[in-house]
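The values are calculated or read from the model by the stated rules, or taken from the named source; none is laboratory data. All values derive from a computational prediction rather than experimental measurement. Here the Cβ positions follow ideal geometry from the backbone for every residue, glycine too, while neighbour counts run over all protein chains shown. Accessible surface is based on the protein model in full, side chains and every heavy atom, while ligands, DNA and RNA are left aside. Shrake-Rupley method; radii C 1.70, N 1.55, O 1.52, S 1.80 Å.
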Amino acid sequence: MNQLDGSSVFEFMIEKIETGLCAIDENGRVIVYNKKMRELTGESLEQITQRFLSQSLDFNLEQNMLQKVLASGQSFKHIKQTFWNARGEEVTMMNDYYPYTLNDGTKIAIQFSRDITQQEFLMDRPLSRYGAPLTFDIITAVSKSMKQVIQQAKIAALGRIPVMLVGESGTGKDMIAEGIHHELAEKNERFITLICRRNEETLLAQIEKYIAEEKNYTFFAERIEFLSDEAQNRIVELLEKHSERNHVFIASIGEDPIDLIQKGHLSKNLYYLFSNLTIQVPALRERREDIKPFVDDYFARRRIAYSSPVKGLAPEIEEIFLNYDWPGNLKELEVLLDDISALLTTEEYVELIHIPAYFKWKLQQAEPTTSEQQKLFDFSGQTLQPLDEYMRKVEDYYISHALQLNDGNISQTAKALGIHRQGLQYRLKRK
């Protein structure tokens, strides 16, 4: 394969893959910015180049991180970022950053970005309630960090003080909020969840309606940073206006509050309201000892509700669950268990055959990008591989992204690639 052929294949692949790619050199020059990345950010190559050259920072994280990679020579993996792109769309990406040195000695930084926007919306749904009040007694908390969270939450309930819950999507912040509600010595009339992604006027009208009533309520504002500064300050005004009432106000945010204030996403007045108590709810990957108890509780409920014979996970699957990072936290785990349970009939243990294809491909995608994969796209050197050897690597890489695009569905992927299902299965077995 000559240099021209290699460059052509490279350009074709980076434009077709469903992973966003961006790379800059030591001078801040953008050398790769593929179609998927343009779709995610809503910016053209010319716009992103101008931003990097002018050293401007606005809604994106990649400039800061890419320059950090160049300065440190270190990799940074699993960096989640939610922002509003140039088209006004809310986007969430999971980013990996790597340093790389070309054959001519030029140092570059590469960003790989996966679009997890839909996954984030799914993970923002509350965890299942199973028809019972969600008290602290039934919340799975084996880890020391979660026991500390519950202890802090009980203190908040005792003093009826405003609480800000900080943590990634799917960590169970809504469970902690409801736990506080049920822990109150003087019970409130209702637990009212305010979804801050929805219409602000409707949400504020809802608060105004209940906050003036004689009855006391527990308000839980889920992801309050998604409200405008105006709306956040209006909530502060309403709470101050009705301070004689005995309501309890709880809010959750997805990032460090100081970072959100600096970005202009969190009102200082609102943050001061919660300054007495902010509770950090850790990600599931930081408290892996809670995974197995959560799974055991899930299957115990199924045995009671559906007379299911399932007892738990086979040792192989348990090891996979304990080693996986769970970017969607408890909600991702619960959704996966729902999908697995739909496949079970008389089985007592979950085996590999019951694991959905999309999750198997998540496990593959979660593996760090190897230097071999990076070299696949580097055509700066003079040494060429045999054509059949190189094309097989290209084919394997392209198939993996095709499967990811089709959520691991073999039939759909084969159809999209224009090959028979058996042909795709053969290629997967040889990998």
What are the pairs, 6+ residues apart or on separate chains, where a residue within the range 1-18 that is under 19 Å from ASP396 (Cβ atoms) has its Cβ under 7 Å from a residue that is charged (D, E, K, R) and modelled with pLDDT of 85 or more? GLU15/LYS35; ILE17/LYS36; GLU18/LYS36
Pull up the range 67-89, narrow it to residues that are modelled with pLDDT of 85 or more and out of contact with any Asp or Glu (no Cβ under 7 Å at 6 or more places or on another chain), then point me to the one that is least open to solvent (accessible area, probe 1.4 Å). VAL69
Scan the range 26-60 for residues that are modelled with pLDDT under 70 and at positive phi and report the count. 1
Inter-residue pairs, beta-carbon under 6 Å, first more than 30 Å from THR117 (Cβ to Cβ) and in the range 303-327, second in a helix (DSSP H, G or I) and open to solvent by less than 50 Å² (accessible area, probe 1.4 Å), 6+ apart: VAL310/PHE299; GLY312/PHE299
Part of a loop (DSSP other than H, G, I, E, B) and either modelled with pLDDT under 85 or open to solvent by less than 50 Å² (accessible area, probe 1.4 Å) (or both), is that true of VAL335? no
Please count how many residues of the range 375-389 are part of a helix (DSSP H, G or I) and modelled with pLDDT under 70. 2
How many residues are under 17 Å from THR41 (Cβ atoms), in a strand (DSSP E or B) and out of contact with any Gly (no Cβ under 8 Å at 6 or more places or on another chain) if we restrict to the range 66-115? 14
Got at least one residue in the range 228-244 being open to solvent by less than 60 Å² (accessible area, probe 1.4 Å) and touching a Gly at 6+ places or on another chain (Cβ under 9 Å)? no
Does any residue of the range 251-261 turn out to be open to solvent by less than 10 Å² (accessible area, probe 1.4 Å), touching a Gly at 6+ places or on another chain (Cβ under 9 Å), touching a residue at least 24 places away in the same chain (Cβ under 8 Å) and of a type outside the set (S, T, N, Q)? yes
Inside the range 213-231, can you point out the residues that are touching a Ser or Thr at 6+ places or on another chain (Cβ under 9 Å), of a type outside the set (D, E, K, R) and within 23 Å of ALA153 (Cα to Cα)? PHE219, PHE220, ALA221, ILE224
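Mind checking which residues of the range 176-192 are open to solvent by 70 Å² or more (accessible area, probe 1.4 Å) and either among the aliphatic types (A, V, I, L, M) or out of contact with any strand residue (DSSP E or B) (no Cβ under 7 Å at 6 or more places or on another chain) (or both)?
Hits for the range 176-192 are GLU183, ALA185, GLU186, LYS187.
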Anything in the range 352-373 that is closer than 30 Å to SER307 by Cβ and either assigned to a helix (DSSP H, G or I) or at pLDDT 90 or above (or both)? List them, or say none. LEU352, ILE353, HIS354, ALA357, TYR358, PHE359, LYS360
Test LEU322 against the stated conditions and say whether it is modelled with pLDDT of 85 or more and surrounded by 18 or more Cβ atoms within 10 Å (Cβ to Cβ). no
Any residue in the range 339-351 that is modelled with pLDDT under 75, surrounded by 15 or more Cβ atoms within 10 Å (Cβ to Cβ) and touching a Gly at 6+ places or on another chain (Cβ under 8 Å)? no
Where a residue in the range 288-300 is hydroxyl-bearing (Ser, Thr, Tyr) and modelled with pLDDT under 95 and its partner, wherever it lies, is part of a helix (DSSP H, G or I) and surrounded by 14 or more Cβ atoms within 10 Å (Cβ to Cβ), with Cβ under 8 Å and at least six apart: TYR298/GLU334; TYR298/LEU337
Go through the range 189-228 residue by residue and tally those that are within 30 Å of the chain's Cα centre (by Cα) and over 11 Å from HIS247 (Cβ atoms). 23
Restricted to the range 193-213 and to residues being of a type in the set (A, V, I, L, M, F, W, C) and within 20 Å of ASP174 (Cβ to Cβ), the residue surrounded by the fewest Cβ atoms within 10 Å (Cβ to Cβ) is ILE195
